[in-house]
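What follows draws every value from the coordinates through simple rules; no lab data is involved. Owing to the predicted nature of the structure, the values given are computational and were not obtained by experimental measurement. Glycine gets a Cβ as well: all are built from the backbone with ideal geometry, and neighbour counts include every protein chain shown.
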Amino acid sequence: MIASNAMANPENQAPEGALSDRYNPADVETRTYQWWEKNGYFKAQDQSTKPPFSIILPPPNVTGQLHMGHALDHTIQDVLIRYKRMSGFNAMWLPGTDHAGIATQSVVERELKKQNLSRREMGREKFVEKVWEWKKQYGDRIYEQMRRLGDSCDWDRATFTLDDGVSKAVRKVFVDLYKKGLIYRGTRLVNWSTALESAISDLEVEHKETKSILYYLRYAVEGSDQSLEIATTRPETLLGDTAVAVHPDDERYSALVGKNVLLPLTGRKIPIIADTYVDKEFGSGVVKITPAHDFNDYAVGQRHKLPMINIMEKDGKINDHGGAYKGLKMQEARKRIVEDLKNAGLLIKEDSLKNSVGYDSRTGVVAEPFLSDQWFAKMPELAGAAKRVVETGTIRFEPEQYAKTYLHWMNIIEDWCISRQLWWGHRIPAWTCEKGHYTVAEQDPAKCETCGSTHLKQDEDVLDTWFSSALWPFSTMGWPNDTEALKTFHPTSVLVTGFDIIFFWVARMIIMGLEFTKDVPFRKVYIHGLIRDSEGKKMSKSIGNALDPVEMIDQYGADALRFTLMAQLSAGRDLKFSEQRLEGYRNFMNKIWNATRFALGAMTDFKAPADGVNAKPNAADLSNADKWIIFETGEIERTVERALEEDRFSDAANALYHFVWNDVCDWYLELVKPVVYGEPSAQRSATQLVLAQTLNRVMRLLHPFTPFITEEIYKKLPINSAALIIESFPTTRNDKEWLSLGSKEAAFEMQIVKETIAAIRNIRGEIQIKPSVAINVRLAPSSAQVGDILMRNQPQIMRLARLDSCTVGDAGNLAKTAVQPVRLPDASVDVIVPLEGLVDIAEEVKRIQKTLEKAQKDVQILSGKLSNENFVKNAPAELLASDRALLAANQERVSRLQDSLKRLS
RNA sequence: ACAGGCUUAGCUCAGUUGGUAGAGCAAUACCCUUACAAGGUAUGGGUCGGGGGUUCAAGUCCCUCAGCCUGUACCA
């Protein structure tokens, strides 16, 4: 009945027919995944009577590899999907990959460079072909890695952002927005990456604090011997200056406004203007204005209708307007110009200055403000509705604080530069004729809309990758057609992603979703943090501290990795990943495995009941331990369900860890041993059934977190079904019948038994009695009821605490004894171990004193509280009662301990 | 500068309507007790960042200071 489980390590080789004493994930995972996939368990139905639950996966870069961030992101989603699938939902998780324009193009370009090829030499068509080849070769790698992690995606729905369906959606959206005037083409100052030779969006610019030099330059005023002192960090841009500006209220310069200065080195004449943008206090109070190379200067230029002189080529070299400096890179030009100014005596001084400089986040080069023709989307016009759905709670953020981040950005949102001068991506559906008329259409047009010319040329640019990403929740479901998938799964239930792409992606999806589907794309956004290394540093390839999740899976198993992530997850917060912790959860997997091994061994003669999970033993045959573990099963079902419904994944995971390890393994299995090893009886059969039913529920509860090991074990359980993955997730509602066998009284009784045993063990440990030495114990209960409980459980207590004898009765004489009180809200037991011959008097006194001090402190705190009139007046009755009971018990204990001390001295 | 977050045991972190501080790991001691040494049993360890306030009662609510982190904006 039990499959043999040959291990790679011969030391751990299991005998034929038994489970190995170590869980070996490698034996299980791939086989199990393939079995799930082959049986179609991941598939969702476009039409179903079940309620829908849908998630779209944030598509990873198609050429990328799975990193820890993905592992976290995916595990959260997979836990949700598996949980909902088991809870009777039509659960659909849609996977996909992103063409990732810049990233992928760069990777392929780098490869080509190794072969001494360049994309420009190859030409667009050939290059794009190469990228597709690359995609074919590596595009599925990440999908395979996702399978290793256990992602239960509906693979039939896998979508690539350049698929035909998505492309159609992209074109439609572009054309619609263009026709509504929400997309336009304009000549504007944009952020330019000279490495990519492309525009980039504001979001792709990373501002970094940089040590710069502030140069003070002398500009001569025309027709006088006066000159102006001008402070700048970018002297090279003086080649493009078209004015110098002062503050209108600055008396130092008011006489000069309207005159001209002569630009150093070139002698070009430019006006002195007045503008409130200038800060009188900064530098000399005079600013050079370079409208084509600075965003603020651009604004000043617009106000004063200044000419714009672009001095830079796309590759970052000075152009014709730079005269002698033509052909130099901006940085080189700066050096040369400073040198020349110095030689001409026009450099007054240099100061150091800390300022923030924008860099292209992708390539790390300085992002240059650059005047160029680009396509823009009018985001402020589109943002209103997207703001409202978050303000009104139609879309909720988890944790909520990110709603603020989102709204803040939405309030200052600016037009989005959507065109990129790349070749890999969605080509912009706009054509020009020789007269320069634009035709924007979904289908490639045959002639110009305006003049009918048939000589059309498509725009060379592609769209920002995030443009197609913004449509993802509906473009993947067949939009603009009104498909069954859309009707069923859109809006999606939840979006799970990192805070780093709230603006890039989340906000834009909400905007586009509302504009085109008239609905939100998802109802909830679950934001998680970053995975850091054990020292809190960001994991990165370049630092070399990035752990490869696939390697972790090879070494510890996917379940252990998943559990580690979930146990530590706290919404919106970064988490530090330590391999040590992973090892701990690997041990947990082993614990589960071995508990099963024990249980199966204890049930070799157990006949699987016909009614499976509904099979119930005769209540009269149940032991207190049985009733207790059933009670705890109800508690864990309640806790896990509530936690998962509230996205508190770590609460669910930690509760399960505790339940399985402490309740089931440490106590229940230990308590059950004499029963299951004993002679066949009605009670033994009942216990076997409880064991089988409990394990069945443990596997179902754990499955979303640790799918592989639970599916594997489930197959071997006496009570099971065809597949765990589609079994029902146990809740206090659907498991009511079974849980009705548990009882609170049993739990109370167990608590007394457990604590009593713990107290005896404590004494043993404290006075160093070897486990092999059996001892005698006297138990003094606080009431007859507690006494009955102790009597009933005497055999268990004796076995688990290794006692020779155990009597229940009055505390009696405490001389030459060790006393350990057990305190519960409604019960109390004094555990008394006679020490005759076991320990010396001094030790004994020390022990009693320690116990006494504790009790005295309790008395002090409690009586202080209870003598406070206001406390007695205001505190709830229950608290008052339990505090009073506690006080009484401790007072009694204090006097007894003092008594014993007296007798010893 | 603005916004948000963090500060609890040696480490990583829980702590959900305020009611004498919890977990995991690490440490220490003792145990190969027939599911598991990737194990068992027990132990030590915290004035909950500082100060103030509200309250009978504050890790929890309010104010304030400090340190760290993350966004966003600006910087000639």
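Please go through the range A:584-644 and write out the trypsin sites (Lys or Arg not before Pro) that DSSP classes as loop and that have at most 14 other C-beta atoms within 10 Å. Could you put the intermediate results ahead of the total?
Details: sites: A:ARG586, A:LYS591, A:ARG597, A:LYS607, A:LYS627, A:ARG638, A:ARG642; in loops: A:LYS607.
Passing sites in the range A:584-644 are A:LYS607.
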Report task. Check each of the trypsin sites (Lys or Arg not before Pro) in the range A:153-195 and keep only those in coil by DSSP with at most 13 other C-beta atoms within 10 angstrom; list them in order. Result -> A:LYS180
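Under a point-charge model restricted to the Cβ atoms of Lys and Arg (+1) and Asp and Glu (-1), what is the dipole moment magnitude of the range A:665-808 relative to its Cα centre, in debye to the nearest 20?
On the way: 17 positive and 14 negative charges, 39 e Å.
In total the dipole reaches around 180 debye.
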Query - Normalised per residue, the volume of the convex hull around the Cα set of the range A:839-897 (Å³) - result: 64
Query - Radius of gyration, Dmax [the range A:137-214; alpha carbons; angstrom] - result: 19.9, 59
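Rounded to the nearest 5, what % of DSSP beta bridges with both residues in chain A are antiparallel? Display every interim value, and only then the final one.
Working: 68 of 94 bridges.
Just about 70 percent of them are antiparallel.
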**Report entry** Cα shape, the range A:320-434, gyration tensor, a/c 1.5 rule
**Finding:** oblate
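Which residues make up the longest stretch of chain A that has no GluC sites (Glu not before Pro) in a DSSP loop with at most 10 other Cβ atoms within 10 Å? Write out the running numbers ahead of the final one.
Working: sites that count: A:GLU16, A:GLU251, A:GLU281, A:GLU535, A:GLU836.
Counting only loop sites that pass the neighbour cut-off, the longest clear stretch is A:536-835.
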Requested in this report: Classify the range A:496-632 as rounded, prolate or oblate from the Cα gyration tensor: take a ≥ b ≥ c as the square roots of its eigenvalues, call it rounded if a/c is under 1.5, otherwise prolate when a/b beats b/c and oblate if not.
Outcome: oblate
Query raised in the report: Which entries in A:LYS135/A:LYS378; A:LYS136/A:LYS168; A:LYS180/A:LYS387; A:LYS135/A:LYS541; A:LYS754/A:LYS854 show an alpha-carbon gap greater than 27 Å?
Result: A:LYS135/A:LYS378
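Under the 0.36 nm per residue contour assumption, what length would be gained going from the current alpha-carbon distance of A:ASN355 and A:ASP320 to full extension? If you can, show how the numbers build up before the last one.
Details: separation 35, 0.36 × 35 = 12.60 nm, distance 2.97 nm.
The span from A:ASN355 to A:ASP320 would gain 9.6 nm if fully extended.
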**Report entry** Residue (of A:ALA758, A:THR731, A:VAL690) at the positive-pole extreme of the range A:677-793, dipole from beta-carbon charges
**Finding:** A:ALA758
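In chain A, how does Rg compare with the Kirkwood Rh, expressed as the Rg/Rh ratio over alpha carbon atoms?
Values: Rg = 37.2 Å, Rh = 33.6 Å.
Taking Rg over the Kirkwood Rh, I get 1.11.
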Report summary line: With a ≥ b ≥ c from the Cα gyration tensor eigenvalues, square-rooted, and the rule rounded for a/c under 1.5, otherwise prolate when a/b > b/c and oblate otherwise, the range A:795-905 is oblate
Query raised in the report: Setting aside same-chain residues fewer than 8 positions from A:LYS342, which aspartates and glutamates have a Cα under 15 Å from its Cα?
Result: A:GLU229, A:GLU236, A:GLU350, A:ASP351
Query raised in the report: Relative to the Cα centre, what is the charge dipole magnitude of chain A, using +1 at the beta carbon of each Lys and Arg, -1 at the beta carbon of each Asp and Glu, and rounding to the nearest 20 debye?
Result: 280
Requested in this report: Find how many whole Å separate the alpha carbon centroid of the range A:539-568 from the alpha carbon centroid of the range A:72-86.
Outcome: 18
Report summary line: Answer in debye to the nearest 20: the dipole magnitude of the range A:301-418 about its Cα centre, from +1 Lys/Arg and -1 Asp/Glu charges placed on Cβ, is 200
Query raised in the report: Which whole-number percent is the relative contact order of chain A (Cα, under 8 Å, 6+ apart)?
Result: 12
Report summary line: Bridge orientation stat for the range A:441-589 from DSSP, antiparallel percent rounded to 5, came to 10
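Can you give the FRET efficiency to the nearest 0.05 for A:LYS576 and A:SER542, using r as the Cβ-Cβ distance and R₀ = 22 Å? Before the final figure, lay out the partial values.
Numbers: r = 19 Å, r/R0 = 0.88.
Efficiency for this residue pair is about 0.70.
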**Report entry** Which listed pairs, of A:LYS208/A:LYS537; A:LYS179/A:LYS404; A:LYS857/A:LYS902; A:LYS354/A:LYS404, have C-alpha distances above 25 Å, in listed order
**Finding:** A:LYS179/A:LYS404; A:LYS354/A:LYS404
Query raised in the report: Which of the listed residues, A:ALA875, A:GLN849, A:VAL108, is farthest toward the dipole's positive end in chain A, when Lys, Arg count +1 and Asp, Glu count -1 at the beta-carbon?
Result: A:GLN849
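Please give the calculated 222 nm ellipticity per residue for chain A, where each DSSP H segment of at least 4 residues contributes -39500 (n - 2.57) and the sum is spread over every residue; nearest 500 deg cm²/dmol?
-13500 deg cm²/dmol
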Requested in this report: Rank A:MET146, A:ASN90, A:GLY123 by how far each Cα sits towards the positive end of the charge dipole of the range A:65-160 (+1 on Lys, Arg Cβ; -1 on Asp, Glu Cβ) and give me just the farthest.
Outcome: A:GLY123
Query raised in the report: In terms of Cα to Cα distance under 13 Å, which aspartates and glutamates are near enough to A:LYS447, apart from those fewer than 8 places away along the same chain?
Result: A:GLU434
